[in-house]
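Q: Could you have a look at this structure, given as structure tokens, before my questions?
The values are calculated or read from the model by the stated rules, or taken from the named source; none is laboratory data. Since the model is a prediction, treat every value here as computed from it, not as a measurement. Cβ coordinates were reconstructed from backbone atoms using ideal geometry, including for glycine residues, and neighbour counts include every protein chain displayed.
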Amino acid sequence: MKIEGRTFVISGGASGLGRAVAEDLVSHGAAVALLDRNDEEGQAAAKALGDDKVAKFWPVDVTDTDTIKAAVDGIVAWITETTHKPLGGIVPAAGVGFPGLILDRKLKPLPMDNFDFVMNVNLRGTVDLVRQVLPHMAADGPTGAPDGPDKERGVVIMVASAAAFEGQMGQVAYAASKGAVASMTLPMARDLSKHGVRVVTIAPSMFETSMTSAMTDKVRQSLLKSMEFPLRAGRPDEFAVLARHAIENTMLNGVVIRLDGASRMPARL
Ligand SMILES: NC(=O)c1ccc[n+]([C@@H]2O[C@H](COP(=O)([O-])OP(=O)(O)OC[C@H]3O[C@@H](n4cnc5c(N)ncnc54)[C@H](O)[C@@H]3O)[C@@H](O)[C@H]2O)c1
């Protein structure tokens with residue numbers, strides 16, 4: 001899928017991995033619609049990327065279908081009236097970690113509110129954004145157009161985690177949400193094949209973002225011990241390079257790619 005001249009919708013675009021993908025895609029000639037619940041950071045991120053022909057921010061809580069709908073309506077109008085760049089991809093990168101043991105030392109079970117919160121953001125929020133953008137990508141018109149001999153219309157790049165495969169203690173909810181994202185990849189690719197839309201999921205290990213910046217030194221050192229090479233956390237730009245490759249390489253489809261330097265998370269840190 002050609003990046004230049006296309007518009008990409010990125011949730012969690014105000015920070016971390018989503019923001020790095022936005023920066024990379026803009027530097028390769030795309031327009032980006034940034035969606036995030038953090039209004040201030042989102043506005044600042046869009047402004048830093050360029051004028052409103054290049055990047056625009058919409059305040060969205062991905063657990064709220066109506067805020068996604070309002071953003072998608074806005075994106076359709078923005079493409080039609082301003083960017084004239086049809087959709088090329090969706091990157092649902094908004095996500096949260098909320099650790100909690102299934103049973104703690106005082107024999108208190110995991111509160112379902114914690115579980116629902118993580119599932120709603122990481123899983124439901126991913127599905128809801130993707131499903132609301134897709135009709136505009138799949139239809140001929142200002143927001144959707146086939147590209148090249150394969151008549152490709154776009155790519156969905158979902159974000160799982162190493163926790164989808166080896167979740168640590170306290171990650172029942174997070175691992176469930178990311179495992180579900182990984183599991184959705186193939187059926188979603190199969191559903192979308194007739195529309196010329198591919199689906200690729202990236203499963204990163206520890207990356208330097210605000211999600212991991214709060215880690216104590218002890219946890220960080222312990223995590224480093226679980227690494228092979230390189231002996232460091234990933235950088236958001238390394239995630240963005242893989243996302244770009246997945247967009248550009250038409251043969252990548254229905255697959256979950258680990259991005260982890262061969263690290264395997266231990267049970268506890
Ligand atoms: N950083 C890592 O080590 C790591 C590892 C594996 C997977 N991931 C995944 O990568 C994705 C991006 O995380 P990150 O590391 O860039 O973290 P981050 O905290 O830097 O960025 C996440 C963004 O999502 C936004 N967000 C959270 N809940 C939202 C909601 N309900 N609606 C809209 N926006 C919301 C936040 O405001 C934030 O801007 C997440 O899905 C995360 O689970 C991160």
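Q: Please enumerate the residues belonging to segment 2-15 that are buried (at least 22 other Cβ atoms within 10 Å of the Cβ) and not β-branched (Val, Ile, Thr).
A: Selection gives Arg6, Phe8, Ser11, Gly12, Gly13, Ala14.
Q: Test Gly170 against the stated conditions and say whether it is at positive phi and touching a helix residue (DSSP H, G or I) at 6+ places or on another chain (Cβ under 8 Å).
A: No, not satisfied.
Q: Test Arg19 against the criterion of being buried (at least 19 other Cβ atoms within 10 Å of the Cβ) and either in contact with a helix residue (DSSP H, G or I) (Cβ under 8 Å, 6 or more places away or on another chain) or within 24 Å of Phe239 (Cα to Cα) (or both), and give yes or no.
A: yes
Q: Working only within segment 211-248, note down all residues that are assigned to a loop (DSSP other than H, G, I, E, B) and within 11 Å of the ligand (Cβ to nearest atom).
A: Ala214, Met215, Ala233, Arg235
Q: In segment 89-99, is there at least one residue being away from the ligand (no atom under 15 Å from the Cβ) and buried (at least 21 other Cβ atoms within 10 Å of the Cβ)?
A: Within segment 89-99, one or more residues are away from the ligand (no atom under 15 Å from the Cβ) and buried (at least 21 other Cβ atoms within 10 Å of the Cβ).
Per-residue answers, yes or no, for (1) within 24 Å of Val133 (Cα to Cα); (2) away from the ligand (no atom under 15 Å from the Cβ):
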{"site": "Val155", "(1), (2)": "yes, yes"}
{"site": "Met184", "(1), (2)": "yes, no"}
{"site": "Arg190", "(1), (2)": "yes, yes"}
{"site": "Gly196", "(1), (2)": "yes, yes"}
{"site": "Val199", "(1), (2)": "yes, yes"}
{"site": "Thr209", "(1), (2)": "no, no"}
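Q: Would you point out the residue of segment 238-267, among those that are surrounded by fewer than 13 Cβ atoms within 10 Å (Cβ to Cβ) and within 22 Å of Leu223 (Cβ to Cβ), that is modelled with the highest pLDDT?
A: Ala262
Q: Can you tell me which residue within segment 1-28, out of those that are more than 10 Å from the ligand (Cβ to nearest atom) and of a type in the set (Ser, Thr, Tyr), is farthest from Thr83 (Cα to Cα)?
A: Selected residue: Ser27.
Q: Another question, then. Considering each of Thr212, Thr185 in turn, give the residue that is among the hydroxyl-bearing types (Ser, Thr, Tyr) and in contact with a Lys or Arg (Cβ under 9 Å, 6 or more places away or on another chain).
A: Thr212
Q: Next question, about the same structure. State whether one or more residues within segment 44-54 are crowded, with 23+ Cβ neighbours inside 10 Å and within 13 Å of the ligand (Cβ to nearest atom).
A: yes
Q: In this structure, is Met137 buried (at least 22 other Cβ atoms within 10 Å of the Cβ), away from the ligand (no atom under 14 Å from the Cβ) and hydrophobic (A, V, I, L, M, F, W, C)?
A: Yes, satisfied.
Q: Tell me the residue from Asp116, Asp147 that is more than 10 Å from the ligand (Cβ to nearest atom), surrounded by fewer than 21 Cβ atoms within 10 Å (Cβ to Cβ), farther than 24 Å from Thr209 by Cα and not hydrophobic (A, V, I, L, M, F, W, C), please.
A: So the residue among Asp116, Asp147 that is more than 10 Å from the ligand (Cβ to nearest atom), surrounded by fewer than 21 Cβ atoms within 10 Å (Cβ to Cβ), farther than 24 Å from Thr209 by Cα and not hydrophobic (A, V, I, L, M, F, W, C) is Asp147.
Q: Can you name the residue in segment 29-43 that is surrounded by fewer than 23 Cβ atoms within 10 Å (Cβ to Cβ) and within 21 Å of Val159 (Cα to Cα) and, of all such residues, is farthest from the ligand (Cβ to nearest atom)?
A: Step by step, filter segment 29-43, then rank; the result is Glu41.
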